[in-house]
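What follows is a single structure, written as structure tokens, with notes after it.
No lab work stands behind these numbers, since they all come straight from the coordinates. Values in this document were obtained by computation on a predicted structure and should not be read as measured data. Note: ideal-geometry Cβ built from the backbone for every residue, glycine included; neighbour counts use all protein chains shown.
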Amino acid sequence: MTVAVLAVQGAFIEHKKVMQSLGVDCVELRKAKDLQRNYDGLILPGGESTVQGKLLRELDMFDILQKQIEAGLPTFATCAGLILLAEEISNGQNRYFQTMPVTVKRNAYGRQLGSFHSDSDITGIGTYPMEFIRAPYIERVGTGVEVLAVVEGHVVGVRYKNQTGFAFHPELTNDTRLHKEFINSIHGA
């Protein structure tokens, strides 16, 4: 099994290290020719969604990745990655892949000083250490979207078909359960 990690900006190295620690081969997607490689799943990391979206278009990667996600490629998105998947962003004009019927609010908890930690439940996982850094949350969940996690009354984890998105950074903890769940979803695809 090989997992591709979007590596144009953000916390891609941390995701790659977690996956490799679980015995999964990773490829970094940095330019359009990298999309010709064979991979079984995709990780969209946290970082800055505006920068990632701009680079995806400038590097001619956007359309291909959007089609791969729409075609069923198992996709695991965290923080900015969730924003890339969202159908709508309530406090921003940019739209990206729009493959997940949710409305996301960017920087929902404020700037860097609004970052926080929460030990909260995730469906099928249990209590999980969640690191929120300039995090979004989900304001609206569309038809077919399963809510996986809620913190302080806000949806912070969802699954829709082949896509799973979290508003926090699991790659910044020592808990690998969400990455293991993603690996299991690839096996089940």
Unit charges on C-beta of K, R, D, E only; dipole of the chain, Debye: 380
Exposure proxy ranking, count of Cβ atoms within 10 Å, fewest first, for THR164, THR75, THR123, THR176: THR123, THR176, THR164, THR75
Alpha-carbon centroids, region 117-133 and region 1-67: separation in whole Å: 24
Region 1-69, Rg to Rh (Cα coordinates; Rh as Kirkwood inverse mean 1/r): 0.95
Along each principal axis, Cα extent of region 44-93, largest first, Å: 28, 22, 18
Ellipsoid semi-axes in whole angstrom, largest first, where each is sqrt(5λ) of the Cα gyration tensor of the chain: 22, 19, 16
Of every Cα-Cα pair in region 41-134, the percent that sits beyond 16 Å: 60
Reach of LYS105 by Cα under 12 Å, taken over aspartates and glutamates that are not fewer than 8 positions away in the same chain: GLU87, GLU88, GLU139
Label point distance in nm, VAL27-ASN184, each placed 7 Å from Cα along Cα→Cβ: 2.7
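Treating the beta-carbon of each Lys and Arg as +1 and of each Asp and Glu as -1, no other charges, what is the dipole magnitude of region 79-185 about its Cα centre, to the nearest 20 debye? Please report the intermediate quantities before stating the final value.
Details: 10 positive and 11 negative charges, 66 e Å.
The dipole of region 79-185 has a size of about 320 debye.
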For a label point 7 Å along the Cα-to-beta-carbon line of THR103, residues of region 123-160 with backbone N under 13 Å: 138-143
For region 115-123, Karplus couplings with θ = phi - 60° (6.51, -1.76, 1.60), whole Hz, Gly/Pro x: 5, 7, 10, 9, 9, 9, 7, 10, 3
Among beta bridges that DSSP assigns inside region 2-188, antiparallel share in %, nearest 5: 55
Selected from TYR109, SER120, GLN98, residue furthest toward positive end of dipole (the chain; charges at beta carbon): GLN98
